[in-house]
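Below is one structure, written out as structure tokens; the observations come after it.
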Amino acid sequence: MTDWVVDLIDKGGLIAVAFLMFLETVFPPIPSELIMSLAGIRAGQGELSLTGIIIAGTFGAMAGNVVWYVIARWLGIERFKPLIDRWGRWITMTWAEVERGQLWFERYGTFFVFMGRMLPTVRSLVSVPAGLLKMRWRSFLIASTIGTAGWTALLALAGYKLGSSFEEIDNFLGPISTAIVVTILLAYVWRLWTHRKVRPVD
């Protein structure tokens with residue numbers, strides 16, 4: 001995958017960076033760590049502008065964020081009630097928890113979106129609860145843009161500073177990403193194991 005990303009960036013420049021970050025947001029297996037750090041390396045070598053790749057990467061990722069938000073907002077949380085009532089054990093969620101989540105999101109949703117944008121794996125999924133719970137457009141865009149720009153700049157600067165030593169970036173960010181994914185999987189297994197089905201009230 002590395003060779004493909006490098007080749008696309010070399011040929012497409014900033015447009016390719018924006019396009020790759022858009023894909024990364026709608027299709028998480030393409031990692032932003034790879035895209036932005038490689039773009040940063042090219043900036044360090046004088047082939048691209050550091051400011052340019054940060055803006056392009058942020059723009060591309062935000063385009064993907066908005067796509068997921070719009071889809072989730074259109075669907076709305078109410079459409080998921082029959083799904084949660086029927087498959088709540090596997091989703092590890094009850095409708096009462098959804099209602100509590102709505103109240104929590106009204107208070108802390110902006111901070112949740114902001115922080116979520118800077119967490120590997122999680123950052124690509126944050127738009128879904130924000131859309132489902134109908135977070136205000138302005139709050140969503142501000143929190144998402146700031147968080148996305150911060151994460152994008154961090155990766156770009158890492159690549160810029162380390163030059164061609166991509167292995168050093170991977171050695172640093174790789175374990176963090178793996179640890180977060182493992183934690184999420186363990187949390188899911190625990191929730192699945194301890195979940196108690198709540199019968200819906202007629």
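What is the residue count in the range 48-79 for residues that are under 14 Å from the mean Cα position of the chain (by Cα) and hydrophobic (A, V, I, L, M, F, W, C)?
The qualifying residues number 7.
Between a first residue in the range 100-124 that is closer than 19 Å to GLY60 by Cα and touching a residue at least 60 places away in the same chain (Cβ under 8 Å) and a second residue that is open to solvent by less than 70 Å² (accessible area, probe 1.4 Å) and not in a helix (DSSP H, G or I), which pairs have beta carbons less than 7 Å apart while being 6 or more apart in sequence or on different chains?
Correct list of pairs: THR121/PRO28; ARG123/ARG117; SER124/PRO28.
Here is a list of conditions, (1) modelled with pLDDT of 75 or more; (2) assigned to a helix (DSSP H, G or I); (3) surrounded by fewer than 20 Cβ atoms within 10 Å (Cβ to Cβ); (4) not β-branched (Val, Ile, Thr), and GLY46 meets all of them except one; can you say which number that is?
Going through the list (1) modelled with pLDDT of 75 or more; (2) assigned to a helix (DSSP H, G or I); (3) surrounded by fewer than 20 Cβ atoms within 10 Å (Cβ to Cβ); (4) not β-branched (Val, Ile, Thr), GLY46 breaks only (2).
List pairs: first residue in the range 28-50 and under 12 Å from VAL17 (Cβ atoms), second residue surrounded by 16 or more Cβ atoms within 10 Å (Cβ to Cβ) and among the basic types (Lys, Arg) anywhere in the structure, Cβ distance under 8 angstrom, at least six positions apart or on different chains.
Between residues of the range 28-50 that are under 12 Å from VAL17 (Cβ atoms) and residues that are surrounded by 16 or more Cβ atoms within 10 Å (Cβ to Cβ) and among the basic types (Lys, Arg), the close pairs are SER32/ARG123; LEU48/ARG42.
Does VAL67 meet the test of being part of a helix (DSSP H, G or I), in contact with a Phe, Trp or Tyr (Cβ under 9 Å, 6 or more places away or on another chain), under 18 Å from THR148 (Cβ atoms) and modelled with pLDDT under 95?
Considered against the rule, which asks whether it is part of a helix (DSSP H, G or I), in contact with a Phe, Trp or Tyr (Cβ under 9 Å, 6 or more places away or on another chain), under 18 Å from THR148 (Cβ atoms) and modelled with pLDDT under 95, VAL67 comes out as yes.
Can you report the number of residues in the range 24-66 which are closer than 15 Å to PRO120 by Cβ and among the hydroxyl-bearing types (Ser, Thr, Tyr)?
3
Among the residues in the range 18-37, are any more than 20 Å from the chain's Cα centre (by Cα) and either aliphatic (A, V, I, L, M) or open to solvent by less than 40 Å² (accessible area, probe 1.4 Å) (or both)?
Among the residues of the range 18-37, not one is more than 20 Å from the chain's Cα centre (by Cα) and either aliphatic (A, V, I, L, M) or open to solvent by less than 40 Å² (accessible area, probe 1.4 Å) (or both), which makes the answer no.
Pull out all pairs, ordered by first then second residue, where Cβ-Cβ is under 9 Å, the residues are six or more apart or on different chains, the first lies in the range 130-146 and is charged (D, E, K, R) and open to solvent by 20 Å² or more (accessible area, probe 1.4 Å), and the second is at pLDDT below 90 and not in a helix (DSSP H, G or I).
Within 9 Å, the pairs are LYS134/GLY76.
The values are calculated or read from the model by the stated rules, or taken from the named source; none is laboratory data. This structure is a prediction, so every number in the text was calculated from the model and none was measured. No Cβ is skipped: glycine too gets one built from the backbone with ideal geometry, and neighbour counts run over all protein chains shown. These area figures cover heavy atoms from the full protein model, side chains too; ligands, DNA and RNA do not enter into them. Shrake-Rupley method; radii C 1.70, N 1.55, O 1.52, S 1.80 Å.
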